[in-house]
1. Output the number of the condition that F120 fails; it satisfies all remaining conditions of (1) more than 22 Å from N7 (Cβ to Cβ); (2) modelled with pLDDT of 95 or more.
2. Of all residues in the range 196-213, how many are part of a loop (DSSP other than H, G, I, E, B) and over 19 Å from Q163 (Cα atoms)?
3. If you go through the range 214-236, how many residues are outside any strand (DSSP E or B) and under 14 Å from T196 (Cα atoms)?
4. When the range 191-242 is examined, which residues are found to be of a type in the set (D, E, K, R) and out of contact with any Phe, Trp or Tyr (no Cβ under 9 Å at 6 or more places or on another chain)?
5. Find all pairs meeting these conditions: Cβ atoms under 6 angstrom apart; at least six residues apart or on different chains; first residue within the range 54-69 and assigned by TED's automatic domain parsing to the domain that holds I99 and under 20 Å from G19 (Cα atoms); second residue aromatic (F, W, Y) and modelled with pLDDT under 95.
6. Could you tell me whether any residue of the range 29-46 is out of contact with any strand residue (DSSP E or B) (no Cβ under 6 Å at 6 or more places or on another chain), of a type outside the set (A, V, I, L, M), within 16 Å of S158 (Cβ to Cβ) and in contact (Cβ under 8 Å) with a residue 40 or more places away in the chain?
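The values are calculated or read from the model by the stated rules, or taken from the named source; none is laboratory data. What you are looking at is a predicted structure, and each value in this text was computed from that prediction instead of being measured. As a convention, Cβ positions derive from the backbone with ideal geometry for all residues, glycine included, and neighbour counts pool all protein chains shown.
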Amino acid sequence: MLVIPRNTRFDETAIIHDGDVIIGANCTVDYGIFGRKVIIGDKTEINGDVVAEELRMGAWCKVKGNAISKGDAFIGEFSSINGRLTVYGDLEIGRNVKIERGFEAKGLITIQDPLPVIVFIFLFLLELLRLGKLEEAEKLFDEELINPINIPDNSKVSLELIQTDYDAIFEESKVLGNVRARDVRTFSTELFGSITGRNIVIDSSTVHGAVKGRKVYIINQSYVFGHIHANEVFMEKGCVVEGSIIGKRGVWIKDKVEIYDRVGEVEIQKDVSESISRDRG
């Protein structure tokens, strides 16, 4: 699942989040990334700067900007950074890494192929359990998977398009781009772009664009500044659509709309952990 959690902000050049950012393999992100802990899967391209508290890049990654880690950094083999790499902690770097404008590391520099992310977490967790530090182990697990941005494998994120083969959920965020996904749910989000998917729920949100899907639900004082085209449209009173509404099988406007399709009703952390396993396995 593609997850854009609360307190995420898109501007014209960067995605800014106060939590973790996990990007799968074979993705293209036409933004810089600003986050706490940033994990980038193999063969992913970031077209901007990456600024993180801790940075981990897989093999064959490309960063078309500067990379800055305020803590430790792990750079996989055959990766490239078009700008400068600055690391304020330890740097672990793989073979044949290209850094066009040089690098600076304040801590220890180790040249080898870094451990895959999931293996690193697993070994660290085992060591904490061996030492009897159960509470710290639980905190580690919660920290690794708590409310991160999650961009799954083979996704594209740009100013014009947010495209994935998976479901997408946006929560309490400001997002730029036309969304193309399987099922889509927005909650307390302002989206500057259209939405195309199967089942779509617009909840307490504002969408500046058209909405097209099989079933479209508009609830909790939402606004849509565009047309709606679907097989079925379910809309609560108090919502506003500034455009035409086409429902081939019907349009229902009610005081309260019940959502029977489980759009976005999944355990996000489960999807995130599975994504890490796929990215690094």
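1. Single failed check for F120: (2).
2. Step one: list which residues in the range 196-213 are part of a loop (DSSP other than H, G, I, E, B), which gives 197-198, 204-205, 208-210.
This time we only want the ones that are over 19 Å from Q163 (Cα atoms), so: 204-205.
Selection size over the range 196-213: 2.
3. In the first step, residues of the range 214-236 are kept if they are outside any strand (DSSP E or B); the result is 220-222, 225-227.
Then keep just the ones that are under 14 Å from T196 (Cα atoms); that gives 226-227.
The qualifying residues number 2.
4. Quick first cut of the range 191-242, residues of a type in the set (D, E, K, R) only: 198, 203, 212, 214-215, 232, 236-237, 242.
Of everything in the range 191-242, those that are of a type in the set (D, E, K, R) and out of contact with any Phe, Trp or Tyr (no Cβ under 9 Å at 6 or more places or on another chain) turn out to be R198, K212, R214, K237.
5. Qualifying pairs under 6 Å: R56/F74.
6. Checking the range 29-46: at least one residue is out of contact with any strand residue (DSSP E or B) (no Cβ under 6 Å at 6 or more places or on another chain), of a type outside the set (A, V, I, L, M), within 16 Å of S158 (Cβ to Cβ) and in contact (Cβ under 8 Å) with a residue 40 or more places away in the chain.
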